[in-house]
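The values are calculated or read from the model by the stated rules, or taken from the named source; none is laboratory data. Remember, it's a predicted structure, so these values are computed and weren't measured experimentally. All Cβ positions, even for glycine, are placed from backbone atoms using ideal geometry, and neighbour counts span all protein chains on display.
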Amino acid sequence: MKIILVTGASRGIGRSIAKTLARNNYKVIANYNKSFEQALDLQNELKKEKINIDIFKADVSKRNEVKKMINYIINKYKKIDVLINNAGIDQEGIFQDISDDEWHNVIDVNLYSVFCTTQEVVKNMISNKSGCIINISSIYGTQGGACSVAYSASKAGIDGITKSLAKELGPSNIRVNSIAPGFINTDMNNYLSKEEVNKIINETPLQKIGKPEEIAKCINWLIEDSFTTGQIISINGGWNT
Ligand code: NAP
């Protein structure tokens, strides 16, 4: 059975990924940080379907917490087949107003976490000569977003990691890809007004916003695939920002 770590799985896209993969007979370790109740709720929801997942608290921007989580998984399951670096936070505001703290926080949680978690996991994948790493970046990483400079920089950085690591780890039979979602209906977008959401819908060729399950479907496909690596896969209804 494939062992899969999903970071930031208590809510939103990560939660949907964890649920979809667990229902498809993968062994899922669902990471959370602040939302223990939601993580427990996810575990209990799946338990009712006779599916067991592990939940594990770790702030993925902290090396020591990531190390503990990876050690827990390797001790229990002996391997990690798939890593999904999904945890992330938003940072909105005009460029001149971004403080050093805000900059460092979004870079730590969104980008350093991918560096650090992947580094801890990849040792095991290299010795197994097999692995699949999927990073959740964003349409803003490729297209940029006004009033979203720090967030966009963190996501562009993730895509840089994806492309470079795919080259470095390909000979070890490890595939590395990014999924770059457009607008997906989660808590992250709660700050937008109804009018702003409608504007995005009007600008989107498919005339709708995405659901977390639509990202989860692609993740499932990528895990089963064997010849896709170094790609930034856009899932955005045709929206170009
Ligand atoms: P969300 O609903 O706000 O959920 C964010 C998740 O990340 C939560 O489970 C949260 O866990 C976790 N998280 C945040 N900081 C963490 C940390 N330091 N350590 C561990 N977990 C942490 O957001 P979402 O929309 O599902 O976003 C998921 C990913 O998709 C993010 O990387 C985001 O940038 C990307 N994305 C989203 C959209 C969109 O439109 N929604 C578009 C493009 C890309 P806790 O609550 O437990 O702390």
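Restricting attention to segment 134-143, the residues being more than 9 Å from the ligand (Cβ to nearest atom) and in contact with a Ser or Thr (Cβ under 6 Å, 6 or more places away or on another chain) number 1.
Applying the criterion of being more than 13 Å from the ligand (Cβ to nearest atom) and either at pLDDT below 95 or acidic (Asp, Glu) (or both) to the residues of segment 19-64, the residue that is farthest from Val121 (Cα to Cα) is Glu49.
Kindly indicate whether Ile89 is within 10 Å of the ligand (Cβ to nearest atom) and either surrounded by 23 or more Cβ atoms within 10 Å (Cβ to Cβ) or at pLDDT 95 or above (or both).
Numbers: within 10 Å of the ligand (Cβ to nearest atom): yes; either surrounded by 23 or more Cβ atoms within 10 Å (Cβ to Cβ) or at pLDDT 95 or above (or both): yes.
Spelling it out, Ile89 is indeed within 10 Å of the ligand (Cβ to nearest atom) and either surrounded by 23 or more Cβ atoms within 10 Å (Cβ to Cβ) or at pLDDT 95 or above (or both).
Which one is surrounded by the most Cβ atoms within 10 Å (Cβ to Cβ) among residues in segment 140-168 that are touching a helix residue (DSSP H, G or I) at 6+ places or on another chain (Cβ under 8 Å) and free of Cβ contacts under 8 Å to residues at least 24 places away in the same chain? Out of the qualifying residues, it is Ser152.
Just to verify a result, which residue in segment 20-37, among those that are touching a helix residue (DSSP H, G or I) at 6+ places or on another chain (Cβ under 7 Å) and not in a strand (DSSP E or B), is surrounded by the fewest Cβ atoms within 10 Å (Cβ to Cβ)?
From segment 20-37, those touching a helix residue (DSSP H, G or I) at 6+ places or on another chain (Cβ under 7 Å) are 20-22, 24, 27-32; that's our starting set.
From the residues that got through so far, the ones that are not in a strand (DSSP E or B) too are 20-22, 24.
Values: Thr20: 19, Leu21: 24, Ala22: 23, Asn24: 14.
Looking at the filtered set, the residue picked out is Asn24.
Residue selection: Ile158 fails the criterion of being under 15 Å from the mean Cα position of the chain (by Cα), within 10 Å of the ligand (Cβ to nearest atom) and not in a helix (DSSP H, G or I).
Name every residue in segment 65-86 that is touching a residue at least 12 places away in the same chain (Cβ under 8 Å), more than 16 Å from the ligand (Cβ to nearest atom) and assigned to a helix (DSSP H, G or I), in order of residue number. Within segment 65-86, Ile74, Lys76, Tyr77 qualify. Taken as a whole, the condition of being closer than 25 Å to Asp187 by Cα and either in contact with a His (Cβ under 9 Å, 6 or more places away or on another chain) or more than 16 Å from the ligand (Cβ to nearest atom) (or both) does not apply to Ser113. If you go through segment 65-121 and keep only what is in contact with a strand residue (DSSP E or B) (Cβ under 7 Å, 6 or more places away or on another chain) and among the β-branched types (Val, Ile, Thr), you end up with Ile73, Ile80, Val82, Ile84, Val114, Thr117, Thr118, Val121.
So that you can scan it fast, the table gives a plain yes or no per residue for (1) touching a residue at least 12 places away in the same chain (Cβ under 8 Å); (2) of a type outside the set (A, V, I, L, M, F, W, C); (3) over 18 Å from Arg15 (Cα atoms):
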{"site": "Ser138", "(1), (2), (3)": "yes, yes, no"}
{"site": "Phe183", "(1), (2), (3)": "yes, no, no"}
{"site": "Asn198", "(1), (2), (3)": "no, yes, yes"}
{"site": "Leu222", "(1), (2), (3)": "yes, no, no"}
{"site": "Trp239", "(1), (2), (3)": "yes, no, yes"}
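Within segment 114-149, being assigned to a loop (DSSP other than H, G, I, E, B) and either farther than 19 Å from Glu224 by Cβ or modelled with pLDDT under 95 (or both) holds for Ser137, Ser138, Gly144, Gly145, Ala146, Cys147, Ser148.
Does segment 120-134 contain any residue that is over 25 Å from Lys34 (Cα atoms) and in contact with a Leu (Cβ under 6 Å, 6 or more places away or on another chain)? No, because not a single residue in segment 120-134 is over 25 Å from Lys34 (Cα atoms) and in contact with a Leu (Cβ under 6 Å, 6 or more places away or on another chain). Here Lys199 meets each of (1) exposed (fewer than 14 other Cβ atoms within 10 Å of the Cβ); (2) within 15 Å of the ligand (Cβ to nearest atom); (3) closer than 30 Å to Ile174 by Cβ with one exception, condition (3).
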